[in-house]
Amino acid sequence: MFIGHFGVALAAKKIAPRTSLGTLVMAAQFVDLIWPIFLLLGIERVVVAPGATAVTPLDFVFYPFSHSLLAGFGWACLFAGIYKIVKGDSWGAGCLWFVVLSHWALDALTHSPDLPLYPGSLTYVGLGLWNSWAGTFLVETTIFVVGVMLYASATRPRDAIGTLAFRSFIGFLFLVYLANLLGPPPPSAKAVALLGLSIWLLVAWAYWLDRHRRLNLLTPSE
Ligand SMILES: [Zn+2]
């Protein structure tokens, strides 16, 4: 899943309006943000295997430290805990806990059974939505569109950047998604990791655009 995770981050703005979209994106994609680092360090492993599913050409051979359920809990607690310490915002921290863990739930929906329950576990979870191209597109696009609508209703632009940076962010994500769905498989596992690292730039983009939006619940003077 790709834009579905962004859909969750965008939707969460409605529930946690004081939390920057950048933080929400980082939370929703947190395990995919650390996964490429683990790949490059050789701690986890992926293999490019065209035809592995109808959608993704990747075989997630070993990724218990980023993508097991237990690790998901751990990352959610760490992420929410650090946010609570830095911002002192319990509500935002609680929401972020769910957002981090939502990544595992959505991955469990799309992946083939390759998500371990905990490092060392031989029980693998995955409902395999990726075996259906149309099903994946429908579900993921719906989550994304709902998220965009919720974010757009929770905020309004402060200035022209608030409009342009938001629209281009949405458009760019959708184009990357289409390129993923329709394009050729990545040339190597290393390319997968390097492309994965670029998601950090999307986090920065989300922080930037969020600063140029104001909350609809605030009065214009704030
Ligand atoms: Zn993932």
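The values are calculated or read from the model by the stated rules, or taken from the named source; none is laboratory data. Owing to the predicted nature of the structure, the values given are computational and were not obtained by experimental measurement. No Cβ is skipped: glycine too gets one built from the backbone with ideal geometry, and neighbour counts run over all protein chains shown. Areas reflect the complete protein model, heavy atoms only, side chains present, ligands, DNA and RNA absent. Shrake-Rupley method; radii C 1.70, N 1.55, O 1.52, S 1.80 Å.
Computed from phi, the 3J(HN,Hα) profile of segment 35-42 under the Karplus parametrisation 6.51, -1.76, 1.60 (θ = phi - 60°) reads 4, x, 5, 5, 5, 5, 7, x Hz, with x in place of Gly and Pro. Amide H contacts of residue 155 (H built 1.01 Å from N, in plane; Pro and chain starts excluded): 216 sit under 5 Å, all sequence-distant by 5 or more or on other chains.
Dividing the Cα radius of gyration of segment 1-128 by 2.2 N^0.38 Å, with N the residue count, gives 1.07.
Karplus-derived 3J(HN,Hα) values for segment 161-172, using 6.51 cos²θ - 1.76 cosθ + 1.60 with θ = phi - 60°, are 5, x, 7, 5, 5, 5, 4, 5, 4, 5, x, 5 Hz; glycine and proline are entered as x. For segment 127-222, the average shadow cast by the Cα convex hull is 7.7 nm², which is a quarter of the hull's surface. Of the residues 158, 213, 167, the one with the largest accessible area comes first in the ranking 167, 158, 213, computed with a 1.4 Å probe on protein heavy atoms.
Dividing the summed helix terms, -39500 (n - 2.57) for each DSSP H run of n ≥ 4, by the number of residues in the chain produces a 222 nm estimate of -21000 deg cm²/dmol to the nearest 500. Per residue, the average separation of C-alpha pairs within less than 8 Å and at least 6 apart gives the chain a relative contact order of 31 percent. Below 13 angstrom from the Cβ of residue 114, what's the summed charge of the other residues (Lys, Arg +1; Asp, Glu -1)? Combined, the nearby Lys, Arg, Asp and Glu give -2.
In the complete set of protein chains, residue-level accessible area for residue 168 is approximately 50 Å², probe 1.4 angstrom. Hey, what angle do you get for helix 3-15 against the long axis of the chain, alpha-carbon based, 0 to 90 degrees rounded to 10? So the inclination is approximately 30 degrees.
All Cα-Cα separations within segment 39-109 were binned at 10 Å from zero, giving a P(r) of 20, 36, 29, 13, 2, each value a whole percent of the pairs.
Taking the 1.4 Å solvent-accessible surface of the chain as the whole, the part contributed by carbon and sulfur is 73%. Along each principal axis, taking the top coordinate minus the bottom one, the Cα set of the chain gives 55, 37, 28 Å in descending order.
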